[in-house]
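Inspection log for the structure reproduced underneath, given as structure tokens.
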Amino acid sequence: MSETVQAATAQGVAVSDVKGSLIQTQVGRVVSDKMNKTVTVLVERRVKHPLYGKVVTRSKKYHAHDENNEFKEGDLVEIEACRKLAKTKAWRVKRLIEKAKVI
């Protein structure tokens with residue numbers, strides 16, 4: 001057994017739970033697809049302000065790997081963390097959740 005699995009079973013966590021939660025995933029919208037094999041994904045999250053209690057929207061952009069250049073601007077995608085692929089690219093597009101609406 002690997003050390004991670006042994007540590008997880010010692011803490012009372014099931015092995016399948018550990019395996020599923022090792023890869024971090026986030027959901028965001030593609031804001032740029034101008035690069036080759038790379039998309040820029042904007043991930044927004046809502047957090048409560050620590051002092052005032054107001055709900056504030058925080059956002060961050062990630063560069064994600066898109067092997068076949070199949071994701072376009074406006075698509076809602078799920079990205080997962082992976083090894084560094086470039087200086088600023090350490091995420092990979094996992095799946096398409098919703099296609100962009102063309103008006």
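The values are calculated or read from the model by the stated rules, or taken from the named source; none is laboratory data. In this text, all values refer to a predicted model and were calculated from it rather than measured experimentally. Glycine also receives a Cβ, built like all others from the backbone with ideal geometry; neighbour counts cover every protein chain displayed. All accessible areas refer to the heavy atoms of the entire protein, side chains included, with ligands and DNA or RNA removed. Shrake-Rupley method; radii C 1.70, N 1.55, O 1.52, S 1.80 Å.
At-a-glance table
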read-out: Test: residue in region 40-49 that is within 18 Å of ILE97 (Cα to Cα), touching a residue at least 40 places away in the same chain (Cβ under 8 Å) and of a type outside the set (Asp, Glu); value: yes
read-out: Filtered residues of region 83-103 (kept if in a loop (DSSP other than H, G, I, E, B) and open to solvent by less than 100 Å² (accessible area, probe 1.4 Å)); value: LEU85, ALA86, THR88, ALA100
read-out: Residue in region 65-82 that is at pLDDT 95 or above, in contact with a Cys (Cβ under 9 Å, 6 or more places away or on another chain) and surrounded by 10 or more Cβ atoms within 10 Å (Cβ to Cβ) present; value: yes
read-out: Selection within region 59-82 - over 15 Å from VAL31 (Cβ atoms) and assigned to a loop (DSSP other than H, G, I, E, B); value: GLU67, ASN68, ASN69, GLU70, CYS82
read-out: Neighbours by Cβ (under 9 Å, 6+ apart or cross-chain): first from region 57-70, under 12 Å from GLU44 (Cβ atoms) and without any contact (Cβ under 8 Å) to a residue 60 or more places away in the chain; second surrounded by fewer than 10 Cβ atoms within 10 Å (Cβ to Cβ) and among the basic types (Lys, Arg); value: THR57/ARG46; ARG58/ARG46
read-out: Subset of region 44-58 that is open to solvent by less than 100 Å² (accessible area, probe 1.4 Å) and in a strand (DSSP E or B) - its residue that is farthest from VAL31 (Cα to Cα); value: VAL55
read-out: Options ALA86, ALA7; residue that is over 30 Å from ILE103 (Cα atoms), at pLDDT below 95 and of a type outside the set (Val, Ile, Thr); value: ALA7
